[in-house]
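Heads up, the thing below is written out as structure tokens.
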Amino acid sequence: MMENSNEMMLIFDSRAENEGLARIAAAAFCTHLNPTLEEVSDLKTAVSEAVTNCIIHGYQGEVCKIRMRCTRKDRTIYVDIEDDGVGIPDVEKAMEPLYTTRADQDRSGMGFTFMEAFMDEVKVTSSVGKGTCVHMSKKIGN
């Protein structure tokens, strides 16, 4: 393991109450880099959106497991949030602003848009019937 790196993994139930746990864990993980309040807020918002997508879309309200891996390399935080849910048939379409498959639940379709706004990079890999992983990264500090 490199001197300027660190990693943690958190596995939790896909319950709405655990969205806050994921936010706090990601925020705590980056404190070593002395982030600004804005950087912490950005990270927490992106994590919140990704976890909420797992709960609402991936598992459609069923209680299953969500995995969050945080890795730090130098001043960059990498976050992967993964489920074993229904998957996304068309990732490109799903990432369009205002697109939602859950309009019945008053979903705005802005989750991926917010993730992209608050993180430096967002990539989504998904297989129908197998699950989805949201890969995000953000450089902390100059």
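The values are calculated or read from the model by the stated rules, or taken from the named source; none is laboratory data. Just so it is clear, the structure is predicted and the values come from calculations on it, not from any experiment. Reconstructed Cβ throughout: ideal geometry from the backbone, glycine too, with neighbour counts over all protein chains shown. Accessible surface is based on the protein model in full, side chains and every heavy atom, while ligands, DNA and RNA are left aside. Shrake-Rupley method; radii C 1.70, N 1.55, O 1.52, S 1.80 Å.
In the stretch 79-104, the residues that are closer than 15 Å to Val134 by Cα and of a type in the set (Gly, Ala, Ser) reach residues that are modelled with pLDDT of 65 or more and surrounded by fewer than 18 Cβ atoms within 10 Å (Cβ to Cβ) with C-beta atoms within less than 6 angstrom, at least six apart or across chains, in these pairs: Gly87/Ser127; Gly87/Val128; Gly87/Gly129; Gly87/Lys130.
Applying the set (1) modelled with pLDDT under 95; (2) on the phi < 0 side of the Ramachandran plot; (3) not in a helix (DSSP H, G or I) to Gly109 leaves exactly one unmet item: (2).
Listed by first and then second residue, the pairs with beta-carbon distance under 8 Å, at least 6 apart or on different chains, first residue in the stretch 49-66 and at positive phi, second among the β-branched types (Val, Ile, Thr) and outside any loop (DSSP other than H, G, I, E, B), are Gly61/Ile55.
Residues in the stretch 16-27 that are open to solvent by 90 Å² or more (accessible area, probe 1.4 Å) and either within 15 Å of the chain's Cα centre (by Cα) or closer than 24 Å to Lys73 by Cα (or both): Ile24 alone.
Inside the stretch 41-68, residues that are crowded, with 20+ Cβ neighbours inside 10 Å and of a type in the set (Val, Ile, Thr) make up a count of 4. Within the stretch 28-39, the presence of at least one residue that is over 18 Å from Val124 (Cβ atoms), touching a helix residue (DSSP H, G or I) at 6+ places or on another chain (Cβ under 7 Å) and surrounded by 12 or more Cβ atoms within 10 Å (Cβ to Cβ) is confirmed.
Inspection of the stretch 89-101 identifies at least one residue that is open to solvent by less than 30 Å² (accessible area, probe 1.4 Å), part of a helix (DSSP H, G or I) and within 16 Å of Ser126 (Cα to Cα).
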